[in-house]
Amino acid sequence: MREYEVAAGQAETIPITGSGDVVKARQAVRTLAQRSGLSLVNQTKLVTAASELGRNTLMYGGGGRARIAVVTQGSRTGVWALFEDEGPGIPDLGLALTDGWTSGSGMGLGLSGARRLVDEFELESAPGKGTTVSVVKWAR
């Protein structure tokens with residue numbers, strides 16, 4: 001994971017064990033995006049990516065957690081969101097990141113769509129080891 005400074009009092013961890021938790025994570029991302037000065041368009045992009053990643057954490061990882069914070073790097077401010085699970089992992093990262101690929105039961109956005117919506121995207125996964133996705137959207 002890249003290094004960011006987390007703004008004091010601006011970090012939150014949300015357990016993801018049901019669909020209501022995905023909604024909580026999405027709302028928390030929106031709140032921090034508003035506070036950090038993201039434009040409405042960029043708020044929407046980040047919230048959409050967070051919604052997809054939260055659903056993936058629940059559906060494919062069997063649940064996990066979201067960690068969300070306002071971050072700074074030099075003079076810029078943004079929102080960092082990390083989604084992690086201890087599920088079965090992703091056996092083929094290349095395939096999972098291919099545009100148009102879907103497991104058939106998600107929103108259809110997929111990991112590649114979530115990646116396009118954010119400024120920074122990191123994915124770590126291995127079979128039997130779970131999955132961690134970290135994203136950042138910077139205020140312009």
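Annotations
- ³J(HN,Hα) computed for each position of region 116-129 - Karplus, 6.51 cos²θ - 1.76 cosθ + 1.60, integer Hz, glycine/proline x: 5, 7, 10, 8, 9, 9, 10, 10, 10, 6, 8, x, x, 10
- Counting neighbouring Cβ atoms within 10 Å and putting the fewest first, the residues 92, 21, 119, 85 line up as 92, 119, 21, 85.
- If you take the alpha carbon atoms of region 5-138 and fit the smallest convex hull around them, that volume is 99 Å³ per residue.
- Computed from phi, the 3J(HN,Hα) profile of region 83-96 under the Karplus parametrisation 6.51, -1.76, 1.60 (θ = phi - 60°) reads 10, 9, 9, 10, x, x, x, 10, x, 10, 4, x, 5, 5 Hz, with x in place of Gly and Pro.
- Residue 14 sits among other residues whose Cβ lies under 12 Å from its own Cβ, and their net charge, with Lys and Arg +1 and Asp and Glu -1, is +1.
- GNM flexibility winner over the chain from 57, 48, 98 (Cα, springs under 10 Å): 98
- Straight-distance crosslink candidates among lysines, where the alpha carbon sits under 22 Å from residue 24 and sequence neighbours closer than 8 are dropped: 45, 137
- For the chain, built as a Gaussian network whose Cα springs stay under 10 Å, the top-fluctuating residue of 35, 115, 26: 35
- Residue exposure sequence - 24, 137 - by fewest surrounding Cβ within 10 Å: 24, 137
- To the nearest ten degrees, helix 40-59 and the longest principal axis of the Cα atoms of the chain are 30 degrees apart.
- Folded to 0 to 90 degrees: helix 19-35 orientation relative to the chain principal axis, Cα: 30 degrees
- Net charge dipole, the chain: roughly 520 debye, given to the nearest 20, about the Cα centre with Cβ charges of +1 for Lys and Arg and -1 for Asp and Glu.
Just so you know, all these numbers are worked out from the coordinates, no wet-lab data involved. Source: prediction; values computed, not measured. Heads up, the Cβs are rebuilt from the backbone with ideal geometry, glycines too, and the neighbour counts pull from every protein chain shown.
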